[in-house]
Every structure is written in C-alpha cells, then in structure tokens.
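Take a look at the structure below.
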Amino acid sequence: MTLSTTRRPRRVAAAMVATVLCVGLSACADDSDDPIADSSDSSPSTSGSASPDSADSGTKLSGTLSGVGASSQGSAMEAWIAAFNEKYPDATINYEPTGSGAGREQFAAGAVKFAGSDAALSEEETTKAKSVCGDIVQVPLYVSPIAIAFNLPGITSLQLKAETIAKIFDGKITSWDDEAIKADNPDADLPGSDITPVHRSDKSGTTENFTDYLKGAAADSWSYDVSGDWPASGGEAAQGTSGVIAAIKSAEGGIGYADASQASGLGLVKVGVGSAFVEPSADAAAKILASSERAAGQGDASYAYELDRKTEDSGTYPVVLVTYSLACTQYASQGDVDLVKAFLSFIVSEEGQQIAEENAGSAPLSAEERDLFQAAIDKISLKS
C-alpha cells in the first residue's frame, strides 16, 4: 500500500524547508534521545494508525521526528519533508545531512529515530543498533548515480574508462592532456594543466560506493580497499557533498565525485562500460539495480544489496549509490511508531519516488521494489 494523495508538481520553497529541515545539531537537540525512549518533549502524538493510506482515514499526525545522515539525498529529503508537511502540517520532520558515517553512528548509538546511509550497516553497527531498538529496518529508498564532475572551461563532457578514472584519483595521471584521456576524447581541446582530484574529508557512503566502483571495475589500477574514508594520498579534501562541489568549482582543473543531483554547472564524465561510454542518469543507474543481488545474512526487514560494478550491459551506469533508510522495528511510543511508519511509507510510495526523481534526479523504485520495502516498513511496531 502507498500513501494516497493527489499528484501535483512539486517545488521546494525555501521558506517551507527552513521550518522543517535541521541545519545544525542544536536544532534537533530536543529530539536526540534514545529512538525507542518515550519522551514527553519530542515523541509525536497521533490518533489512529499512520499506515500508508492514513491520509484517507482521518489520521492526525503531530510531533517531531529527527534524523541524520547521508548528504547525497539532501535535495530529495528537502522535497520529501516539504511534501509530507503539506499532508501533515502538525508533524515536523528534521533531517541533518552531516554524512552517512554520522548517520550510522548516531543511529546505532540510539541518538536519532531514523537515519540515512549510502552504505549498509556493518555487522558491528547492526549488533549495536539491535541492542537499542530490536531488529533493524534497512531499505534502499533513494538510488542515484554518482557523478564524476570536473571543471574545465569550454568542456562539458569527457569519456573516461574505469582504469583512467582510478589513475586520476590515485595521482598517477596528473595532466589533462595525458595520452589515456586524449585516446578516448580525440575531439576535445584538452589543456596541459594539472589535474586536481577532490575527495571527501569525512567518512562518507558516497566515498564507500565510489571506491567500491574503482575496486570492482578497475582492480588492476586501484590497489586500495573499499572504504568510507578516502584511502589514497594527495589531492584536495573537502567536507560533505557541498564541500566537494564547491572545491571543484573553485579550482580550474578540479575533478571529484558527488551525487549527480548536486553536480549542476560542472562538466560530467561518461564512464566506460564495455565498448561504450554511459553518462550518469536515473534510467542508467536503475538498470544496475535490476541485476544486483540481496546480500546474505540479513534480517527480514533489512535489504542491503551487492551492486554489480563490473557490468558490461548496454546503457548501464555502474557508479551509483544506494541510500538506505534506517529505522527500528520497535519503539516505546505509539506516536513514534506512527510517525516513522508514515514518513518512510510516504518516501517509498509512488508519489514519494516521483518527488525524488523530479527534485533530485534519482532513479524511482519499481512497483515490485516499493511493495517489498513497504512490507519491511510495516514491521515497525510498538515495543512490548
């Protein structure tokens, strides 16, 4: 089941977003307690059940729900919050986009009631989180291409093979007129200027997905392990998605990686896939998900996937991130149960997925995937 609402174009008004999106931890301080703890200051109050069709059943949601995590889904989260606030004006959703690492850490510690992460919980994180809130809901509700973006005046697109990308970010290719770059871009007027690779300074799910791509698609040219912390030396480091984009824009010759929704105004790399080159797009990103397998050893409400980075399927873009929404299966307050279920059900609904596509360029989930993940969300219940 999905949230039933009238479909209409979405525009995120800054004034509305400012009222519901946390900018700093201090803005969320009143809701930073244990996600299963019953708090008279922060637990939402509801009447009835906030199931996906609650908008038609007269349910009234109110209260505050705070989360933290992946900055990659920032544009989508702003749009989701604004639309949800239209539906439930007495309910406030706060989300602080400080990064996936912070999201997993605070969720596992019981500091927030939900989180966003560009990488699945580790075994250690899962064990810690289960001690706080029972089993874990872990569902991939935001899927987006990672853009490899660059700043070269007069050039808006380049074609790069995985091996070339790996060597650029490892500091082995240092000039834009390197023979490897020229070979795949014979018509480009490439300068002889230095390349400035930009990476995340903070622990990041985007970094983990990007290094997973490099390790999977260019193993002979990338010797580092997959990691949320940037593993190579050199280059320029920047905090968060916005920091990476700002650093690329400020440095002619810069190149970095970031969620595609944040890369407007920069040149974009078409990635080598088989004998072709594929640009980052929602449709191309969605194709890799269809061939990916669910990771083994998970709970009934957890859906982490192994992504096929080596694909040679036509039109598939393998440099993608999957942002997981994390929640508890048990909360001590019925208000928390209702509000978490309502918000995640709205995100996974057809309308919620369309909103993310329109505002952030993400790949909408299929009907089958929406049903599967909704069933996991429906497992959220009151702690006995």
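Only a single criterion out of (1) out of contact with any Pro (no Cβ under 8 Å at 6 or more places or on another chain); (2) farther than 27 Å from residue 106 by Cα; (3) not in a helix (DSSP H, G or I) is not satisfied by residue 248, namely (3).
Any idea which residue in segment 70-101 is surrounded by the most Cβ atoms within 10 Å (Cβ to Cβ), counting only those that are at pLDDT below 95 and in contact with a Lys or Arg (Cβ under 8 Å, 6 or more places away or on another chain)? Taking the candidates together, the pick is 100. Residues that are surrounded by 24 or more Cβ atoms within 10 Å (Cβ to Cβ) and modelled with pLDDT of 95 or more: does segment 49-59 have at least one? Checked against the condition, which is being surrounded by 24 or more Cβ atoms within 10 Å (Cβ to Cβ) and modelled with pLDDT of 95 or more, segment 49-59 yields no hits at all. The sole residue among 135, 118 that is buried (at least 23 other Cβ atoms within 10 Å of the Cβ) and among the acidic types (Asp, Glu) is 118. Taken residue by residue, segment 226-236 has no member that is farther than 23 Å from residue 99 by Cα and surrounded by fewer than 21 Cβ atoms within 10 Å (Cβ to Cβ).
Residue 129 - would you say it is in the same structural domain as residue 79 (by TED's automatic domain parsing) and buried (at least 23 other Cβ atoms within 10 Å of the Cβ)? Taking the combined requirement at face value, the residue satisfies it.
Return the only residue of 156, 164 being among the polar types (S, T, N, Q) and surrounded by 21 or more Cβ atoms within 10 Å (Cβ to Cβ).
Testing whether each residue is among the polar types (S, T, N, Q) and surrounded by 21 or more Cβ atoms within 10 Å (Cβ to Cβ) leaves just 164.
Determine if segment 247-260 includes at least one residue that is at pLDDT 95 or above, of a type outside the set (Gly, Ala, Ser) and more than 26 Å from residue 78 (Cα to Cα). Within segment 247-260, one or more residues are at pLDDT 95 or above, of a type outside the set (Gly, Ala, Ser) and more than 26 Å from residue 78 (Cα to Cα). Checked against (1) over 18 Å from residue 320 (Cα atoms); (2) touching a helix residue (DSSP H, G or I) at 6+ places or on another chain (Cβ under 9 Å), residue 165 passes all but condition (1).
So if I check each of 362, 345, which one is in contact (Cβ under 8 Å) with a residue 40 or more places away in the chain, surrounded by 22 or more Cβ atoms within 10 Å (Cβ to Cβ), polar (S, T, N, Q) and within 16 Å of residue 286 (Cβ to Cβ)?
Step by step, each of 362, 345 is checked, and only 362 is in contact (Cβ under 8 Å) with a residue 40 or more places away in the chain, surrounded by 22 or more Cβ atoms within 10 Å (Cβ to Cβ), polar (S, T, N, Q) and within 16 Å of residue 286 (Cβ to Cβ).
Condition test on residue 242, is it modelled with pLDDT under 95 and not in a loop (DSSP other than H, G, I, E, B)? It is true that residue 242 is modelled with pLDDT under 95 and not in a loop (DSSP other than H, G, I, E, B). Of the residues examined, residue 357 is one that is among the acidic types (Asp, Glu) and under 15 Å from the mean Cα position of the chain (by Cα). Quick check: anything in segment 149-162 aromatic (Phe, Trp, Tyr) and in contact with a Gly (Cβ under 9 Å, 6 or more places away or on another chain)? Scanning segment 149-162, I find at least one residue that is aromatic (Phe, Trp, Tyr) and in contact with a Gly (Cβ under 9 Å, 6 or more places away or on another chain), so the answer is yes. Would you call residue 215 outside any loop (DSSP other than H, G, I, E, B), closer than 28 Å to residue 373 by Cβ and touching a residue at least 24 places away in the same chain (Cβ under 8 Å)? Considered against the rule, which asks whether it is outside any loop (DSSP other than H, G, I, E, B), closer than 28 Å to residue 373 by Cβ and touching a residue at least 24 places away in the same chain (Cβ under 8 Å), residue 215 comes out as yes.
Would you check if there is a residue in segment 178-197 being more than 17 Å from residue 271 (Cα to Cα), under 29 Å from the mean Cα position of the chain (by Cα) and modelled with pLDDT of 95 or more? There is at least one residue in segment 178-197 that is more than 17 Å from residue 271 (Cα to Cα), under 29 Å from the mean Cα position of the chain (by Cα) and modelled with pLDDT of 95 or more. On the given criteria, is residue 236 of a type in the set (Asp, Glu) and outside the structural domain of residue 183 (by TED's automatic domain parsing)? Against the criterion (of a type in the set (Asp, Glu) and outside the structural domain of residue 183 (by TED's automatic domain parsing)), residue 236 does not qualify.
The values are calculated or read from the model by the stated rules, or taken from the named source; none is laboratory data. Worth saying up front: this structure is predicted, and the values here are computed from it rather than measured. For neighbour counting, all protein chains shown are included, and Cβ atoms are generated from backbone atoms with ideal geometry for every residue, glycine included.
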